[in-house]
Amino acid sequence: MIYDAIIVGAGACGLMCGVQAAKNGKKILVLEKNEKAGAKILISGGGRCNYTNLYTTVDNFISADREFSQSVFSQWSVDDTVAFFKRNGIVGKEKTLGQLFPISNKAKDVVAVFLNLLRKYGGRLETNANVTQVSKKGDLFALKYEWNGLEHTLESRKVVMASGGLPIKKLGASDFSLRVAREFGLDLIETAPALVPLTITGKDHPWFADLAGNTVFSEVSVGTVRFKENILFTHWGLSGPAILQISSYWRIGEPIVINLLPGDSIADIIAKERSQGGKRLLLHVLQDHFTRKLAEALGKYLPLDKKIASMSKVEAKLVASTIHKFTIKPAGDKGYDKAEVMRGGVATHELDSQSLESKKVKGLFFGGECVDMTGWLGGYNFQWAWASGYAIGNRI
């Protein structure tokens, strides 16, 4: 049997691609190395699946050419995603910052939509099928894959690489799509973990570790890029939404600046305290805004036992710089096993912007996480996966 298309990977992109192609009457096969389809969908959002973001634009992505995504999103918008899931029984609810979750809070409902549609349209899905090689001879592709301890070979007119990126190994993550791209001579953008916790080592480590479990709403910045969300102190350093967001832009050796009190001016707070007599200690003023644990920990940098009235101008400036420009130099990150996504991947200049077909290899497509298009935290990467899967599915 010769398939119209074989899709490698039953993640968000692969499933959407398979459904769309099967709906168009194509003879397709989706091969998934895991026991179940949609492994990363099932664990996303703590098992609830933040399946899109209502405010998605190209500005929410990191890429050597993020404008490349515009032609893909013009084919499948956020409104299309919302309507698609609604037609299939999933109503969304917005949590924060445009993040949309199923009202059922069950990621398995999202996966079930695609499995039901694949069956409805006659698409075929094989799990526990580990593809090991993709080659091309003439107009046909040959795929070798392992299933039930045996090696099998299949032929197809087209191949879609949708096997994801390097996070998370226990979910079957691999660099297979990247290896296939290299073997066919496609350029890659250097890859790295993204949306990942950051580590602090050396003399500063104990201070952070002692604060493990404490969260604070902050503005975190690297250069001109900044995010306002919670940060979380951990035993190894820092995590939380703001840190995960900034990690995609951070590079080793760069400082990260944290405004621990973005909604207020500590200078104005101190001035108001002075106008009221300034009898309170700095510690007690800080406890109005931070947990006691964090306020006390700031004693490493600040004169907490001083009354506001007796603080010098130099000390007041030190308080302001510490609170609003708390600067750290992370040692590194927690790697692919703790990363939400991969940064980098198949270079967009290698792909047609409408179909995501390789310009060099006719019939070979790349979609989802393996492409150099990395979204922010909050449903953006799913939107890219659905959109790229849809675009490819309409052209195979």
Among the residues listed as ASN148, ASN214, ASN130, the single one being on the phi < 0 side of the Ramachandran plot, of a type outside the set (Lys, Arg) and assigned by TED's automatic domain parsing to the domain that holds GLU32: ASN130
Which one is nearest to CYS370 (Cα to Cα) among residues in segment 175-216 that are among the hydroxyl-bearing types (Ser, Thr, Tyr) and out of contact with any Pro (no Cβ under 8 Å at 6 or more places or on another chain)? SER177
Restricting attention to segment 36-51, which residues are in a loop (DSSP other than H, G, I, E, B) and small (Gly, Ala, Ser)? ALA37, GLY38
If VAL222 meets every condition in (1) within 17 Å of the chain's Cα centre (by Cα); (2) surrounded by fewer than 21 Cβ atoms within 10 Å (Cβ to Cβ) apart from one, which number is that one? (1)
VAL91: assigned by TED's automatic domain parsing to the domain that holds THR57, of a type in the set (Val, Ile, Thr) and in contact (Cβ under 8 Å) with a residue 40 or more places away in the chain, yes or no? no
Condition check for SER156: touching a Phe, Trp or Tyr at 6+ places or on another chain (Cβ under 9 Å) and outside any helix (DSSP H, G or I): yes
Please work out which residue is surrounded by the most Cβ atoms within 10 Å (Cβ to Cβ), limiting yourself to segment 14-35 and to residues that are in a strand (DSSP E or B) and not β-branched (Val, Ile, Thr). LEU31
How many of the residues making up segment 349-393 are out of contact with any helix residue (DSSP H, G or I) (no Cβ under 9 Å at 6 or more places or on another chain) and either on the phi > 0 side of the Ramachandran plot or modelled with pLDDT under 95 (or both)? 1
Looking at PHE101, PHE68, can you tell me which residue is closer than 20 Å to ILE41 by Cβ and of a type outside the set (Ser, Thr, Tyr)? PHE101
Whichever residue in segment 176-207 is closer than 27 Å to GLY240 by Cα and free of Cβ contacts under 8 Å to residues at least 60 places away in the same chain and, among such residues, is surrounded by the fewest Cβ atoms within 10 Å (Cβ to Cβ): LYS203
Which residues, taken from segment 352-379, are touching a residue at least 40 places away in the same chain (Cβ under 8 Å), surrounded by fewer than 24 Cβ atoms within 10 Å (Cβ to Cβ) and not in a loop (DSSP other than H, G, I, E, B)? SER358, LEU364
Go through segment 164-173 and count every residue that is within 22 Å of LEU29 (Cβ to Cβ) and either touching a Lys or Arg at 6+ places or on another chain (Cβ under 8 Å) or in a helix (DSSP H, G or I) (or both). 3
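The values are calculated or read from the model by the stated rules, or taken from the named source; none is laboratory data. Owing to the predicted nature of the structure, the values given are computational and were not obtained by experimental measurement. Neighbour counts run over all protein chains shown; Cβ positions are idealised from the backbone, glycine included.
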